[in-house]
1. Ignoring ligands, DNA and RNA, how do His140, His65 rank by accessible area with a 1.4 Å probe, largest first?
2. With every protein chain left in place, what is the accessible area of Thr240 in Å² (1.4 Å probe, nearest 10)?
3. Are there GluC sites (Glu not before Pro) in the range 32-74 that DSSP marks as loop and that have at most 10 other Cβ atoms within 10 Å, and which are they?
4. If you wrap a convex hull around the C-alpha atoms of the range 172-234 and split its volume per residue, what is the figure in Å³?
5. Using a 1.4 angstrom probe with every protein chain in place, what is the largest-first accessible-area order of Leu123, Leu20?
6. Note down the net charge around Asp75, summing +1 for each Lys or Arg and -1 for each Asp or Glu among other residues with Cβ under 13 Å from its Cβ.
7. Within 10 Å of each candidate Cβ there may be at most 16 other Cβ atoms; applying that plus a DSSP loop requirement, which trypsin sites (Lys or Arg not before Pro) in the range 150-257 survive?
8. Would you kindly calculate the mean projected area, averaged across all directions, of the convex hull enclosing the Cα atoms of the range 37-140, in square nanometres?
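The values are calculated or read from the model by the stated rules, or taken from the named source; none is laboratory data. Keep in mind it's a predicted model, so treat the numbers as computed, not measured. Here the Cβ positions follow ideal geometry from the backbone for every residue, glycine too, while neighbour counts run over all protein chains shown. To get the accessible areas, we keep the full protein, side chains included, count just its heavy atoms, and leave off ligands, DNA and RNA. Shrake-Rupley method; radii C 1.70, N 1.55, O 1.52, S 1.80 Å.
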Amino acid sequence: MPKRPYIVGNWKMHGTRAMLSEARTIDRAAQRHMKVEVAIAPPYTLIHPVHREAEQIAVGAQDCHHEESGAHTGDISAAMVADAGGKFVILGHSERRQNHGETDSEIKAKADAALNAGLRIILCCGESEKTRDSGKAVSHVKKQLKASLPQFEDSSEDISERLTVAYEPIWAIGTGKTATTDDIAEMHGEIRALLISLYGEEHGAEVRILYGGSVKPENAAEILATQDVGGALVGGASLTADSFMGIAMAAGEAEES
Ligand code: PEP
């Protein structure tokens, strides 16, 4: 059965307890739009409070450490995310890669740790403007993914339930620019082929590939109707229930058409 579109809000470093009412509103609205799977990744401090309030949406983290515990000041482990009620973790976001120097091999280690802790993962990839202009976007993204995707030793594992990929061109994040639907379709097609080659048709064809980069209610329908787009990873527009659920509604409509 095809999976529901997956709309995930990345709140980044936004949100104090005052934002809990927004999360509540998102949760109530998601209960009326069950054709779409809605989730949010607030700052760590809000994972447990959102988990306690939410009846429909899943809550997750924006990163985790690859070790279970230890002398890592300021870090958080996957087991801690799960203990707080988190169900998934976003890994390899370009802001982590750029601002914290995260490498593909570290991201792979984090992915393994998150899966071991029972979390689902959303693994991000994407190219810079310079890489796109040089015509190397596809090879860059495939190289990133090959080096950071987890292996899944257990063949009975439901890989497509545990893994989501998010394609986020860096130049489109928070800039108001979006990739063209032709470019999105090309990249998502390449990612799909890679997933099938790594995990086989049964799993690789089912893994959802999200698009991220300045998705808003106004452009969501067109993006979400693009071949191989299984949902959206949303930054700025996920901070209010109105705009975030506008995107979720567009996803529901794209599903029906
Ligand atoms: C993101 O940070 O994952 C993102 C897609 O941000 P925005 O929607 O603000 O471009």
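1. Values: His140 65, His65 25 Å².
Correct descending sequence by accessible area is His140, His65.
2. The value for Thr240 is about 60 Å².
3. Listed in order of number, the matching sites are Glu55.
4. On the way: hull volume 4.6 nm³, N = 63.
Residue-normalised Cα hull volume stands at 72 Å³.
5. Values: Leu123 0, Leu20 25 Å².
Order by accessible area, largest first: Leu20, Leu123.
6. Numbers: positive: Arg96, Lys110; negative: Asp63, Glu67, Glu68, Glu102, Glu106.
Net charge around Asp75: -3.
7. Details: sites: Arg162, Lys177, Arg192, Arg208; in loops: Lys177.
Passing both the DSSP loop test and the Cβ count: Lys177.
8. Numbers: hull surface 30.1 nm².
Result: a mean projected hull area of 7.5 nm².
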